[in-house]
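Worksheet: the structure to be examined is printed underneath.
The values are calculated or read from the model by the stated rules, or taken from the named source; none is laboratory data. Not measured: the values here are computed from a predicted model. Heads up, the Cβs are rebuilt from the backbone with ideal geometry, glycines too, and the neighbour counts pull from every protein chain shown. Keep in mind that these areas ignore ligands, DNA and RNA; they rest on the heavy atoms of the full protein, side chains included. Shrake-Rupley method; radii C 1.70, N 1.55, O 1.52, S 1.80 Å.
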Amino acid sequence: MAAAICARLLSPGSVHGLRLVPALSRVTPGRGHRLGPADDELYQRTTVTLMQKNPAAGAVIYSYSPRGFNITGNTVLGPCAVLPPAILQWNVGCHTDITVESLSLFYLLEPRIEVLVLGTGARTERLDPGVLLFLKKKGIAVEVQDTPNACATFNFLSSEGRLAAAGLIPPPAAQ
(Lines give C-alpha, C1' and ligand atoms only; values in the text may rest on other atoms or scores of the structure.)
Protein backbone atom coordinates (compact mmCIF):
# COMPACT_ATOMS: atom_id res chain seq x y z
CA MET A 1 0.00 0.00 0.00
CA ALA A 2 1.48 3.29 -1.07
CA ALA A 3 1.31 6.24 1.27
CA ALA A 4 2.05 9.92 0.71
CA ILE A 5 4.17 11.41 3.44
CA CYS A 6 4.25 15.14 4.10
CA ALA A 7 7.31 16.75 5.59
CA ARG A 8 7.75 20.25 6.88
CA LEU A 9 10.79 22.01 5.49
CA LEU A 10 12.17 25.41 6.34
CA SER A 11 11.70 27.76 3.46
CA PRO A 12 12.13 31.54 3.33
CA GLY A 13 9.00 33.36 2.28
CA SER A 14 6.56 30.80 3.67
CA VAL A 15 4.23 31.20 6.67
CA HIS A 16 6.27 31.04 9.88
CA GLY A 17 9.22 29.74 7.83
CA LEU A 18 7.43 26.43 7.14
CA ARG A 19 5.73 24.97 4.09
CA LEU A 20 4.31 21.56 3.27
CA VAL A 21 6.10 19.53 0.62
CA PRO A 22 4.64 16.17 -0.47
CA ALA A 23 7.20 13.36 -0.44
CA LEU A 24 7.41 10.66 -3.09
CA SER A 25 5.12 7.66 -2.64
CA ARG A 26 6.97 4.57 -1.50
CA VAL A 27 6.11 0.92 -1.91
CA THR A 28 6.29 -1.49 1.02
CA PRO A 29 9.40 -3.65 0.67
CA GLY A 30 8.91 -7.37 -0.03
CA ARG A 31 10.05 -10.31 2.11
CA GLY A 32 13.75 -10.76 2.53
CA HIS A 33 14.38 -7.11 1.74
CA ARG A 34 16.70 -5.42 4.16
CA LEU A 35 15.26 -2.15 5.42
CA GLY A 36 17.30 0.90 4.56
CA PRO A 37 17.03 4.37 6.10
CA ALA A 38 14.54 5.53 3.45
CA ASP A 39 12.34 2.42 3.88
CA ASP A 40 12.23 2.88 7.64
CA GLU A 41 10.23 6.10 7.17
CA LEU A 42 7.22 3.97 6.22
CA TYR A 43 7.11 2.38 9.66
CA GLN A 44 7.82 5.34 11.93
CA ARG A 45 6.15 8.71 12.09
CA THR A 46 8.24 11.78 12.61
CA THR A 47 6.79 14.47 14.81
CA VAL A 48 7.96 18.02 15.38
CA THR A 49 7.22 19.98 18.52
CA LEU A 50 7.44 23.74 18.23
CA MET A 51 8.94 24.93 21.51
CA GLN A 52 8.80 28.65 20.83
CA LYS A 53 5.59 29.90 19.27
CA ASN A 54 7.15 33.08 17.89
CA PRO A 55 10.76 32.44 16.85
CA ALA A 56 11.34 36.13 16.15
CA ALA A 57 10.62 37.05 19.77
CA GLY A 58 13.77 37.58 21.81
CA ALA A 59 14.38 37.86 25.51
CA VAL A 60 12.11 40.11 27.57
CA ILE A 61 13.27 41.73 30.79
CA TYR A 62 10.33 41.42 33.18
CA SER A 63 11.86 42.90 36.31
CA TYR A 64 15.05 43.97 38.06
CA SER A 65 16.14 44.30 41.67
CA PRO A 66 19.38 44.92 43.57
CA ARG A 67 19.96 41.14 43.42
CA GLY A 68 19.52 40.71 39.66
CA PHE A 69 16.99 40.30 36.87
CA ASN A 70 14.00 38.24 35.73
CA ILE A 71 14.51 37.72 32.01
CA THR A 72 11.97 35.62 30.08
CA GLY A 73 11.17 33.71 33.27
CA ASN A 74 14.84 33.08 34.17
CA THR A 75 16.33 34.56 37.34
CA VAL A 76 19.82 35.94 36.81
CA LEU A 77 21.76 37.07 39.88
CA GLY A 78 24.09 40.03 39.53
CA PRO A 79 25.17 41.78 36.33
CA CYS A 80 24.11 40.04 33.13
CA ALA A 81 24.56 40.12 29.37
CA VAL A 82 21.42 39.61 27.31
CA LEU A 83 22.38 38.46 23.82
CA PRO A 84 20.13 37.42 20.95
CA PRO A 85 20.77 33.71 21.56
CA ALA A 86 21.48 33.64 25.32
CA ILE A 87 21.41 35.19 28.78
CA LEU A 88 24.77 35.16 30.57
CA GLN A 89 26.20 36.41 33.83
CA TRP A 90 28.53 39.32 33.11
CA ASN A 91 31.72 39.71 35.13
CA VAL A 92 31.59 43.44 35.93
CA GLY A 93 31.07 45.06 39.32
CA CYS A 94 30.38 48.66 38.35
CA HIS A 95 30.53 51.00 35.35
CA THR A 96 34.32 51.44 35.70
CA ASP A 97 34.73 47.71 34.94
CA ILE A 98 33.18 48.16 31.48
CA THR A 99 36.17 47.91 29.14
CA VAL A 100 36.87 46.76 25.60
CA GLU A 101 37.71 43.32 27.04
CA SER A 102 34.49 43.07 29.10
CA LEU A 103 32.46 43.99 26.00
CA SER A 104 34.18 41.43 23.73
CA LEU A 105 31.26 39.01 23.92
CA PHE A 106 29.04 41.67 22.33
CA TYR A 107 31.20 42.53 19.31
CA LEU A 108 32.29 38.96 18.55
CA LEU A 109 28.72 37.78 17.90
CA GLU A 110 27.55 36.68 14.46
CA PRO A 111 25.24 38.03 13.14
CA ARG A 112 26.56 41.33 14.46
CA ILE A 113 24.25 43.21 16.82
CA GLU A 114 23.00 46.66 15.80
CA VAL A 115 22.55 48.25 19.22
CA LEU A 116 24.13 47.60 22.60
CA VAL A 117 22.16 48.93 25.58
CA LEU A 118 24.25 49.36 28.73
CA GLY A 119 22.54 49.78 32.11
CA THR A 120 25.00 51.30 34.58
CA GLY A 121 23.01 50.92 37.80
CA ALA A 122 20.89 53.48 39.64
CA ARG A 123 22.05 56.37 37.46
CA THR A 124 23.60 56.96 34.04
CA GLU A 125 27.39 56.91 34.32
CA ARG A 126 30.02 58.12 31.85
CA LEU A 127 32.02 55.38 30.17
CA ASP A 128 35.57 55.57 28.87
CA PRO A 129 35.39 57.43 25.51
CA GLY A 130 37.91 54.95 24.05
CA VAL A 131 35.47 52.08 24.69
CA LEU A 132 32.62 53.92 22.95
CA LEU A 133 34.87 54.82 20.00
CA PHE A 134 35.99 51.19 19.68
CA LEU A 135 32.37 49.95 19.50
CA LYS A 136 31.54 52.66 16.97
CA LYS A 137 34.39 51.42 14.76
CA LYS A 138 32.92 47.91 15.06
CA GLY A 139 29.60 49.29 13.73
CA ILE A 140 27.66 48.91 16.98
CA ALA A 141 25.51 51.78 18.28
CA VAL A 142 25.66 52.17 22.08
CA GLU A 143 23.00 53.47 24.46
CA VAL A 144 24.25 54.13 28.01
CA GLN A 145 21.43 54.59 30.53
CA ASP A 146 20.49 53.88 34.11
CA THR A 147 19.39 50.24 34.48
CA PRO A 148 15.60 50.82 34.70
CA ASN A 149 15.60 52.80 31.44
CA ALA A 150 18.07 50.40 29.81
CA CYS A 151 15.70 47.49 30.51
CA ALA A 152 12.80 49.38 28.91
CA THR A 153 14.92 50.42 25.91
CA PHE A 154 16.13 46.85 25.34
CA ASN A 155 12.55 45.51 25.50
CA PHE A 156 11.40 48.15 23.02
CA LEU A 157 14.23 47.44 20.56
CA SER A 158 13.63 43.68 20.81
CA SER A 159 9.90 44.12 20.21
CA GLU A 160 10.74 46.00 17.00
CA GLY A 161 12.79 43.02 15.84
CA ARG A 162 16.12 44.85 16.07
CA LEU A 163 19.32 42.88 16.73
CA ALA A 164 19.90 44.32 20.19
CA ALA A 165 21.91 43.18 23.19
CA ALA A 166 22.12 44.50 26.74
CA GLY A 167 24.77 44.65 29.42
CA LEU A 168 23.02 45.32 32.72
CA ILE A 169 24.29 46.11 36.19
CA PRO A 170 21.59 45.83 38.90
CA PRO A 171 20.83 49.09 40.71
CA PRO A 172 21.80 49.15 44.40
CA ALA A 173 19.12 48.91 47.10
CA ALA A 174 17.38 52.22 47.88
CA GLN A 175 18.65 53.71 51.12
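What number comes out for the charge environment of TYR107, summing +1 per Lys or Arg and -1 per Asp or Glu over other residues with Cβ under 10 Å away? Intermediate results must be reported in sequence, preceding the final value.
Working: positive: ARG112, LYS137, LYS138; negative: none.
Net charge around TYR107: +3.
As an exercise, use a Förster radius of 41 Å and the Cβ-Cβ distance of SER65 and LYS138 to find the FRET efficiency, rounded to the nearest 0.05.
Details: r = 32 Å, r/R0 = 0.77.
Step by step, r from the Cβ atoms, then E = 0.80.
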>> What is the sum of charges, Lys and Arg at +1 and Asp and Glu at -1, for the other residues whose Cβ falls under 10 Å from the Cβ of LEU116?
In response: -1
> Can you give the accessible area per residue of the range 98-149, in Å², using a 1.4 Å probe?
Replying inline: 54 Å²
